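One structure below.
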Amino acid sequence: MLRTQLAVPGNHFLTAEHYDQIFTTHGTIMILFMAMPFIFAMFNIVVPLQIGARDVAFPYLNAISFWLFFFAALLFNISFVFGGSPDAGWVSYPPLSELGFDPGPGENFYLLSLQITGIGSIATGINFLATIFKMRAPGMKLMRMPLFTWSVVAASVVIIFAFPALAIALLLLMFDRVFGTHFFTILHGGDPMMFVNLFWIWGHPEVYIVVLPAFGIYSEVVATFARKRIFGYTSMVASLMLISVISYFVWAHHFFTMGSGAGVNSFFAIASMMVAIPTGVKVFNWLFTMWHGRIRLTLPMLWTIAFVPCFTIGGATGVMLAAAPADYQYHNSYFLIAHFHQVLIGGTVFGLIAGMYYWWPKMFGFMLDERLGRIAFWLFNIGFYVCFMPQYPLGLMGMQRRMYTYPAGMGWGTLNFISTIGAYIMALGFLFIVIQVVYSIKYGERDLTGDPWDGRTLEWSLPSPAPHYNLSNTRIRTSP
Ligand SMILES: [Cu+2]
């Protein structure tokens, strides 16, 4: 809908207000009600199986976490039919999101549903840390854990230290709107930038919460389909943990233009660029695992290979955005839109789709149809580049995010039209994934082995084969 509105200059497919609601709900749903539950699905399916536990440490709390997410998502979406959705962007910066400028119920739906699902997310982080540290099968030392489980440790640590900042920011803004306090109001001693800081103290670690598990999935998939032990297990673990630490020291790059001094901006600029180092280590380790491997181009592997160039371009443009002085030019422009879609779709979405294909037989006992999957793969990937590559130059030409239309004279028409065609090709690709799943439920090849890929996790995704470690006589722990 957003791309259709922007396909041509001066379009009236959507009104300005409707456009604002659409991009606000798009961002909020994709991050908090799509990526988060999707990574948690992978946590729940894979971690107990990888560490040899029958369930998580606190199964009841795990169920509560799921239903908090589920009903919060319903509450958020019901705003479409009751009173109107939030419209101040997924970041909901005050003063725009304060009652004075945004009197409708939309923002309250946003604030309440995000607080509810946030509690579930924090509980899930605690639950999986306890599970991984207390319920591993005998003999599975920390440095003998499969890499996906390590990525869950990294993501869970970040969840526990980041989500409380968001919870407080949302609560205080809700107080401003509902009880008339002045935490973030311009007048009466409030400070809108305090909300922005608190939001991004959570927000930047959040993007790593959703990409770290994808990194774990890539490590599992690459080793299996290169039929080779993962390259640099120890540096893979170290880079996961390093990324989760650095992710706390970069948040101000989301508002270099706030006007903080050169000293502050330089610190956050350098810290932001430093993330490229441990991330680079991982990309090279994946490439070295493929090197001299006996590659099998299955669907999980195709999405993993497609991730490498896509995420690398996204990362490189991230370094460009981290250069504070230059960022004054393209902050909040379509250059930024292209960047974060490239790292979030190329990083997280590609990884979750690879993980879905990789563990689908484990979850449901049948394979997803390869042929339909390949059509989906190529449509989605080609559509992705056609959609987002034009947005980099559009941003450099001055087109800003969140504008519902643009005048003909700006020279942005052609690139926007191409970008819209790309979005439709991506949509077609996604439709083929849906067709693939529906078709495979009926005609998918049944898998009775529980290991259709000959995964050998204990051989290939560990530093060295587990010498005395055969599962048959391992006592599976029922509870800590
Ligand atoms: Cu950031």
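Summary of values
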{"read-out": "Length gained when the stretch Leu431-Arg294 is fully extended (0.36 nm per residue, less Cα-Cα span)", "value": "46.2 nm"}
{"read-out": "The stretch 254-277-the stretch 66-93 distance, computed between alpha-carbon centres (Å)", "value": "32 Å"}
{"read-out": "Three-way shape call for the stretch 397-470 based on the alpha-carbon gyration tensor, with the a/c threshold at 1.5", "value": "oblate"}
{"read-out": "Whole-Å distance, taken between Cα centres, linking the stretch 324-382 and the stretch 400-416", "value": "26 Å"}
{"read-out": "The stretch 51-167, dipole about Cα centre (Lys/Arg Cβ +1, Asp/Glu Cβ -1), debye to the nearest 20", "value": "940 debye"}
{"read-out": "The stretch 2-460 - Rg (one decimal) and Dmax (whole number), Cα, Å", "value": "22.1, 69"}
{"read-out": "The stretch 255-323: chymotrypsin sites (Phe, Trp or Tyr not before Pro) in DSSP loop, at most 12 other beta carbons within 10 Å", "value": "Trp291"}
{"read-out": "Over the chain: helical MRE at 222 nm, DSSP H runs n ≥ 4 each giving -39500 (n - 2.57), nearest 500", "value": "-21500 deg cm²/dmol"}
{"read-out": "Surface accessible to a 1.4 Å probe, Arg229 within the full protein complex, Å²", "value": "90 Å²"}
{"read-out": "Charge tally in the Cβ shell below 14 Å around Thr25, where Lys, Arg are +1 and Asp, Glu are -1, Thr25 excluded", "value": "-3"}
{"read-out": "Surface per residue (accessible, 1.4 Å probe) for the chain, Å²", "value": "42 Å²"}
{"read-out": "Accessible area of the stretch 297-341 belonging to carbon and sulfur atoms, whole % at 1.4 Å probe", "value": "78 percent"}
{"read-out": "Using alpha-carbon coordinates, inclination of helix 276-290 to the longest axis of the chain, degrees", "value": "40 degrees"}
{"read-out": "All Cα pairs of the stretch 349-431, percent lying beyond 21 Å", "value": "45 percent"}
{"read-out": "In degrees, nearest ten, helix 147-179 long axis to first principal axis of the chain (Cα)", "value": "30 degrees"}
{"read-out": "Helix axis angle, 350-364 relative to the chain longest principal axis, alpha carbon, degrees", "value": "50 degrees"}
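The values are calculated or read from the model by the stated rules, or taken from the named source; none is laboratory data. Here the structure is a predicted model, which is why all the values come from computation and not from measurement. Counting neighbours? That spans all protein chains shown, and the Cβs are built from the backbone with ideal geometry, glycine included. When the accessible area is computed, the model is the full protein with side chains, heavy atoms only, and any ligands, DNA or RNA have been set aside. Shrake-Rupley method; radii C 1.70, N 1.55, O 1.52, S 1.80 Å.
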